[in-house]
1. Filter the cross-link list Lys79/Lys153; Lys105/Lys165; Lys30/Lys76 down to pairs whose alpha-carbon distance in this structure exceeds 31 Å.
2. Could you give the length gained on full extension between Ala125 and Glu150, defined as 0.36 nm per residue of separation minus the Cα-Cα distance, in nm?
3. Once ligands and nucleic acids are excluded and a 1.4 Å probe is used, how much of Asp85 is accessible, expressed in Å² to the nearest 10?
4. Rank Lys31, Lys94 by accessible area, highest first, at a 1.4 Å probe radius?
5. Heavy atoms only, probe 1.4 angstrom, no DNA, RNA or ligands counted: give me Ile90, Ile10 ranked by accessible area, highest first.
6. List the pairs from Lys113/Lys146; Lys99/Lys151; Lys83/Lys146 whose alpha-carbon separation is above 23 Å, in the order I gave them.
7. Could you rank Met1, Met135 by how accessible they are, 1.4 Å probe, largest area first?
8. Rounded to whole Å and sorted largest first, list the principal axis extents of the Cα atoms in the stretch 87-174.
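The values are calculated or read from the model by the stated rules, or taken from the named source; none is laboratory data. These numbers were taken from a predicted model, which means no experiment stands behind them. SASA here: full protein model, heavy atoms, side chains in, ligands and nucleic acids out. Shrake-Rupley method; radii C 1.70, N 1.55, O 1.52, S 1.80 Å.
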Amino acid sequence: MKNLFIFILISAFIFAQEEKKESPIVQAAKKTGKYKFQKGIKITNDKLKSSSSSETEVKETKEEESGEKILSEEYKDSKGRTKEDWQKMIKEAKENLAKWESKVKELQSELNKLTNDYYSWDDVAYREGVIKQNMDRVTRDLEKAKEELEKAKELIPELEEEARKSGALPGWLR
């Protein structure tokens, strides 16, 4: 038992004396000269408000007491679009989808009403001359609206895929 305690004590002492090895990434960064470590950096809400992307536009904002310049970044995707641009595009696509969904429901209810009228009227001339023509018109409009609805449904996944390919952050589309 005493030997085990001594062995553990010596092992702990040896491991404590070993130098901390740096990761290969840190070593490579030091070789390229891009490794900069600063002690005492203060993280504030102003610094956290920026988000990340593939391309950045750097603006100098202010200087700290130590004289170092702090850089804030306005991020853009590979095509130069910002978070606001993507949010505007996805909002328009969702509004377009909602518009066509409501149009299809409206036309479908109108077609149902006309179908009921068609079968409830005894006057054949009125049925064929007025109601049938309205039914045909509404049916054509309904088919066009369904096609537009399908296009609107396909647009949102296309926008998401385009955003992914251009380097936009996933949170930008919410």
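1. Listed pairs above 31 Å: Lys105/Lys165.
2. Contour length minus Cα-Cα distance gives 5.3 nm.
3. For Asp85, the solvent-accessible surface is approximately 70 Å².
4. Lys31, Lys94
5. Sorted descending by solvent-accessible area, the residues read Ile10, Ile90.
6. Table pairs above 23 Å Cα-Cα are Lys83/Lys146.
7. Ranking Met1, Met135 by accessible area, largest first, yields Met1, Met135.
8. The principal-axis extents, from largest down, are 64, 16, 14 Å.
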